[in-house]
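Below is one structure, written out as structure tokens; comments come after it.
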Amino acid sequence: MPCTYRYAGPDGEGARNLPEGVGCAIGSEYCVHLLPSAGSLASAAETCIARDTPLLLLTPYFRDGELKRLLPLFRAIPGGADVDVAVNDWGALLVLRALFPGIRRSVGRLLSGQKRCPRIGASPRLNDAGRAWHGEGLFSSAKARSWLGKEMGVSGYHVDSLPWGPQSFGTFPDPGDGTPRLYVHSPYAVVTVSDSCPWIGGASSASLSSCPRSCRQGPVRLREVSMGGDMLQRGKARFHPVRLDDLPPGVSAKAHGLVYYEDLP
Amino acid sequence: MLILSPVDRASEVAELCDAGAEEFYAGYVPPFWSEAFGPVVTCNRRSFAEASVSSLEELDAVLFEAALRDASVHVAINASPLPDRMIPPMADLVEELAGRGVRGVIVSDLPLMLSLRDRRFRRLEVHASTLFSAFNGGTVAFLRRAGASRVVLARELSTADISAMASVARGTPLEVIGFRGRCPNIEGFCTHLHDDPRRVWPCELRYDKTPEGEGTPPGVLEAIGRNEGVDRFFSCGLCAVPILERCGVHALKIVGRGAETERKASAARAVASMRAWGREASPDSRACGLQGKAVYRETFGRRCRPENCYFPEFLPGEDG
């Protein structure tokens, strides 16, 4: 049975209210300003230790100066915590490998290679193979899995549950000891990420040293008839809601973890 | 700093070199790929035929015309992910391209990059595409370990970011995309399908925008709308050219595979003009901003705008 995680907010503010046995996901895949402080991370990790549940820390991409913010964060992880860091920056992966080799790390959704545009499901110009191609990713490459495992210590892959390309999970190993873990996120598939945030006037998130996080007050729905489905924008990211019953059966069998979001991350 | 121009056919090489191009990159779609995936999913991320050279014979002609002018040619094989079954034929294709005189391939797929590294080409360069989202020096180091001999940086970096990365690149040449084709999204994280034959992409569409929740601050919808309907043809990073050269950037890439020759040439002329001015004047940042805006007006016949600006630290739209 896959482990279930729920997103408890950037700082893990909902961690204490999660149902029994449910793991906790915190942080952000798309904005450095939505990372928890070291204190919040330590607190969420202590909560998870007390509840005997795992913690998943989602991390975004970083500029050089921002990358330094990771160091106190990783140092704050208490010994004994069952923590996985989802990495969405190759440089961050390298830093983790070099400085924190004991922390379990996985390739996040932004690096996974899956394509999630709602047009993919609706485009009349795609043939079957072309549509299925959009579901492929690093996780479906034995060569990538082998190199990332041996050279970078990658022990897992994060993907979205998409209606296209379930066969791309065919070569992914079944759950077991020593095999990479597959984390399936649902229901908000990440379609695209910008460096500019409309919630701070369209400026780059790097232009602020800290952010009031007004994007947390509510997303914006984006509708255009040719897109094949609505998108939801929060901060710098656009998401496409994928219904839970779209989860292909072959995918759930491979999953180590199912990461659910009650609200947009 | 070299000027890297798109090229689609041999007949435009001379004009582009005359305009200032010193390196070229092209697209090529092998028949085994298009037969498998159809016209939209190409191996070089362009869904229209004009953006690729039409045949290997035409590519040979491009290589010959470029060699006459001492310009190297690189080929984009920058789709990702490549399915595992496509890696061996793609690596074979790269070997064939190298044999014909292609100097480098632009790759965004990690397994393909690893396969090319394993083949140990004597002369071929492997360029890590901007799709690897190199925002920091650690990513450059990661890509070097994976086999990259040149790294194309993320498009969103400032000149200060790039300068800092150049100082720790440890000899890995860095490339910056800096003219035409600016996208509001981070290319490596964008999964939009670019399938519209009219070339109107999802990032340019005008959306109906409805706030959900009561707390959406004023100005959010306007900020989202600012990138809608923007013509990427007007994208520019001219102000940064002298600074990028000074901090050691190896090449500045002009976007525009599939564009008319005159558009490509005018872009190369604008970048070359800015670079020549920078070499002569040794300008500070403010002077770069003023000169870049002047060259922009000369090139496009209008003032620059924030939504078309690669380097907003030069205050687009303000003439000083």
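The values are calculated or read from the model by the stated rules, or taken from the named source; none is laboratory data. Please read all numbers here as calculations on a predicted model, not as lab measurements. When we count neighbours, we look across all protein chains shown, and the Cβ atoms used for this are built from the backbone with ideal geometry, even at glycine. Just the protein is used for accessible areas: all its heavy atoms, side chains included, with ligands, DNA and RNA removed. Shrake-Rupley method; radii C 1.70, N 1.55, O 1.52, S 1.80 Å.
Take every pair of alpha-carbon atoms less than 8 Å apart whose residues are at least six positions apart; their mean separation over the length of chain A yields a relative contact order of 20 percent. With 50 Å² as the minimum drop in accessible area between chain alone and full protein complex (1.4 Å probe), the qualifying residues in segment B:186-200 are B:I186, B:F189, B:T191, B:H192, B:L193, B:D195. Remark on segment B:76-111: accessible area falls by at least 40 square angstrom from chain-alone to full-complex state for B:P81, B:D84, B:L110, B:P111, probe 1.4 angstrom. In this structure, the amide hydrogen of B:S72, modeled 1.01 Å from its nitrogen in the peptide plane, lies closer than 5 angstrom to those of B:F24, counting only residues at least 5 positions away or on a different chain.
Take segment B:69-177 with all the other protein chains still there, run a 1.4 Å probe, and you get 32 Å² of accessible area per residue. For segment B:124-163, heavy-atom accessible area (probe 1.4 Å) falls by no less than 40 Å² from the chain alone to the full protein assembly at B:F135, B:N136, B:F142, B:R145. Every helix of 4 or more DSSP H residues in chain A counts as -39500 (n - 2.57), and over all residues that averages to -5500 deg cm²/dmol at 222 nm. The residues packed around A:H158, meaning those with a beta-carbon under 14 Å from its beta-carbon, carry a net charge of +3 if Lys and Arg are +1 and Asp and Glu are -1. Once the 1.4 Å probe is applied to the protein heavy atoms, segment A:125-212 comes out at 34 Å² accessible per residue. Using C-alpha pairs under 8 Å with a sequence gap of at least 6, the mean separation divided by the residue count of segment B:215-289 gives a relative contact order of 44 percent.
Rounded to whole numbers, the Karplus 3J(HN,Hα) couplings from phi for segment A:211-219 are 10, x, 6, 5, 5, 6, 7, x, x Hz, using 6.51 cos²θ - 1.76 cosθ + 1.60 with θ = phi - 60°, and x at Gly and Pro. Note on chain B: with a GNM built from Cα contacts shorter than 10 Å, the maximum mean-square fluctuation among B:V107, B:V29, B:V75 falls on B:V29.
Computed over protein heavy atoms with a 1.4 Å probe, the carbon and sulfur contribution to the accessible area of segment A:118-251 reaches 52%. A helix-only calculation puts chain B at -11000 deg cm²/dmol for mean residue ellipticity at 222 nm, using -39500 (n - 2.57) for each DSSP H run of at least four residues, averaged over all residues. For chain B, the share of DSSP beta bridges that are antiparallel, to the nearest 5, is 5%. In loop segments of segment B:81-139 as defined by DSSP, the trypsin sites (Lys or Arg not before Pro) with at most 14 further C-beta atoms inside 10 Å of their C-beta are B:R120, B:R122, B:R123.
At 1.4 Å probe size, with the rest of the protein present, what percent of the exposed accessible area of chain B is carbon and sulfur atoms?
Whole-percent figure for carbon plus sulfur exposure: 48.
With contacts taken as Cα pairs under 8 Å and at least 6 residues apart, chain B reaches a relative contact order of 20 percent. Comparing A:G228, A:G153, A:G108 in a Gaussian network model of chain A, where Cα atoms under 10 Å apart are tied by springs, the biggest mean-square fluctuation is seen for A:G228.
When accessible surface is computed with a 1.4 Å probe, chains A and B are found to bury approximately 5400 Å² between them, both chains counted. Sorting A:T171, B:T299, B:T159 by solvent-accessible area of protein heavy atoms yields A:T171, B:T299, B:T159, largest first, with a 1.4 Å probe.
The accessible area of B:D284, taken with all protein chains in place and a 1.4 Å probe, comes to roughly 100 Å². Segment A:141-214 to segment B:107-148: how many Å between their Cα centroids? That distance is 20 Å. Here A:V22 and B:A67 are evaluated by their C-beta separation; at R0 = 60 Å the FRET efficiency comes out at 0.45.
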